[in-house]
Amino acid sequence: MRIRRNYIIILLSGILACLAMLQPDSLYASPTDKTFTVVIDAGHGGHDPGAIGKRGREKNINLSVALKVGRLIKENCPDTKVIYTRDKDIFVPLHRRAEIANNAKADLFISIHTNSIASRTAQVSGTETYTLGLHQTQENLEVAKKENSVILIEDDYTQQYAGFNPNSSESYIIFEFLQDKNMAQSVNFAQLVQKQFRAENRTDKGVHQAGFLVLRETTMPSVLIELGYITNPAEERFLLSDAGSSTLARSIYKAFLNYKQGKGKDVSVPQPQQAERQVETEQPVVTEEATTSRPVFKIQILTASKVLPKGSRQLKGLSPVDYYREGGLVKYTYGAETDYNKILRLKRNKVDSKFSDAFIIAFRGEQKMDVNQAIKEFKNNRK
């Protein structure tokens with residue numbers, strides 16, 4: 001009897017040990033284990049339709065793809081928490097979308113949009129993914145203006161966004177000086193997204209930077225994806241089809257998997273460089289000696305991939321001009337003043353009619369500086 005009882009005890013002990021081994025891993029999670037949280041943002045919604053095509057509306061395309069991406073992640077990534085900024089046709093202010101991500105302490109923010117152009121006859125097509133930064137082309141600026149203009153239908157946008165005017169090029173100056181600590185990871189994910197789009201034979205328009213308010217407010221790696229052009233009839237049909245939206249969702253999901261698993265960590269990201277100032281043969285007009293420690297204001301008019309020939313038509317007759325190199329690009333400026341009011345008048349009277357996207361920058365000696373700090377110093381020096 002005693003032998004039988006001992007046998008039963010040993011047997012039960014073995015069963016309990018086996019059951020313990022079969023308990024969920026979460027009971028034995030290491031201190032570094034945590035749930036990965038991704039926030040998926042379907043752009044526009046409710047009384048904000050976004051871009052409008054001949055057959056569909058952007059808000060519906062965005063939501064369809066967003067929900068499919070979330071569903072794929074939920075079904076295949078049990079350690080990932082998916083949060084939507086909207087999962088139905090409602091309007092959500094831009095700042096609220098970022099708040100949702102920040103409050104959730106998300107690890108990644110994906111904003112999904114659909115592109116458009118004014119001319120419906122133009123056959124522009126393709127996908128592109130944006131991270132936060134200053135636009136390098138007029139086209140990128142226009143995309144940002146279009147997406148940011150949604151704030152104009154919010155009740156308190158002037159207070160909520162500190163006077164930011166989405167239609168004014170000058171409002172976007174602030175994005176040149178933002179230091180995004182998540183830039184490398186954001187660019188990494190953006191490149192993974194475009195790689196997957198290419199694998200599905202979508203036209204790749206690349207990874208870009210622009211001043212999107214919804215990305216500015218987030219505190220984690222963030223991207224804004226433009227799925228395609230609703231103003232292109234063929235692409236609109238693709239975007240509205242179940243097969244098309246599923247293809248796009250699958251591409252974003254695969255990029256998410258690669259990002260989460262750490263693939264592509266070594267993607268190099270150009271770091272902000274100290275501006276290298278070079279002057280053309282003709283010297284720009286400087287009303288006070290450049291040797292002064294006071295900031296010098298200039299008007300940035302154009303960005304090019306290489307130095308333009310003297311008298312280039314792209315300069316639209318402005319002379320003399322100055323240029324400096326930054327981030328592998330050649331950036332042209334006109335005028336140089338230590339008096340901010342003078343450079344502002346010069347911009348309004350002589351530059352704006354030729355370069356509507358021009359904006360004011362500042363240098364101290366050979367180094368570019370925060371223009372807002374330069375303006376503050378200018379005001380203090382006048383007292």
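Has the stretch 206-213 got any residue that is among the aliphatic types (A, V, I, L, M), buried (at least 19 other Cβ atoms within 10 Å of the Cβ) and at pLDDT 80 or above?
yes
Which of the residues spanning the stretch 60-100 are charged (D, E, K, R) and either touching a His at 6+ places or on another chain (Cβ under 8 Å) or not assigned by TED's automatic domain parsing to the domain that holds S241 (or both)?
Those that are charged (D, E, K, R) and either touching a His at 6+ places or on another chain (Cβ under 8 Å) or not assigned by TED's automatic domain parsing to the domain that holds S241 (or both): none in the stretch 60-100.
Conditions: (1) of a type in the set (D, E, K, R); (2) surrounded by fewer than 23 Cβ atoms within 10 Å (Cβ to Cβ); (3) at pLDDT 85 or above. E235 meets all but one. Number of the miss?
Evaluating E235 over (1) of a type in the set (D, E, K, R); (2) surrounded by fewer than 23 Cβ atoms within 10 Å (Cβ to Cβ); (3) at pLDDT 85 or above leaves (2) as the failure.
Output the qualifying pairs, or none if there are none: Cβ atoms under 7 angstrom, residues six or more apart or on different chains, first residue in the stretch 339-359 and at pLDDT below 90, second residue among the polar types (S, T, N, Q) and surrounded by 20 or more Cβ atoms within 10 Å (Cβ to Cβ).
Listed by first residue and then by second, the contacts come to A358/Q300; F359/Q300.
Among the numbered criteria (1) modelled with pLDDT under 95; (2) touching a helix residue (DSSP H, G or I) at 6+ places or on another chain (Cβ under 6 Å); (3) over 26 Å from E217 (Cα atoms), which single criterion is violated by L72?
(1)
What pairs come out if I take residues in the stretch 34-53 that are free of Cβ contacts under 8 Å to residues at least 40 places away in the same chain and surrounded by fewer than 18 Cβ atoms within 10 Å (Cβ to Cβ) and pair them with residues that are among the charged types (D, E, K, R) and outside any strand (DSSP E or B) whose C-beta lies under 6 Å away, six or more apart or interchain?
Qualifying pairs under 6 Å: P49/K59.
I'm trying to understand the selection: among the residues of the stretch 296-320, which are among the β-branched types (V, I, T) and surrounded by fewer than 21 Cβ atoms within 10 Å (Cβ to Cβ)?
Listed by number, the residues that qualify are T303, V307.
For the stretch 90-100, does any single residue satisfy the condition of being under 29 Å from R237 (Cβ atoms) and crowded, with 17+ Cβ neighbours inside 10 Å?
Yes: the stretch 90-100 contains one or more residues that are under 29 Å from R237 (Cβ atoms) and crowded, with 17+ Cβ neighbours inside 10 Å.
Give me a count of the residues in the stretch 57-74 that are farther than 14 Å from K254 by Cα and more than 22 Å from the chain's Cα centre (by Cα).
Residues in the stretch 57-74 being farther than 14 Å from K254 by Cα and more than 22 Å from the chain's Cα centre (by Cα): 1 in total.
The values are calculated or read from the model by the stated rules, or taken from the named source; none is laboratory data. Because the structure is predicted, anything quoted here is derived from the model rather than measured. We place every Cβ from the backbone using ideal geometry, glycine too, and count neighbours over all the protein chains shown.
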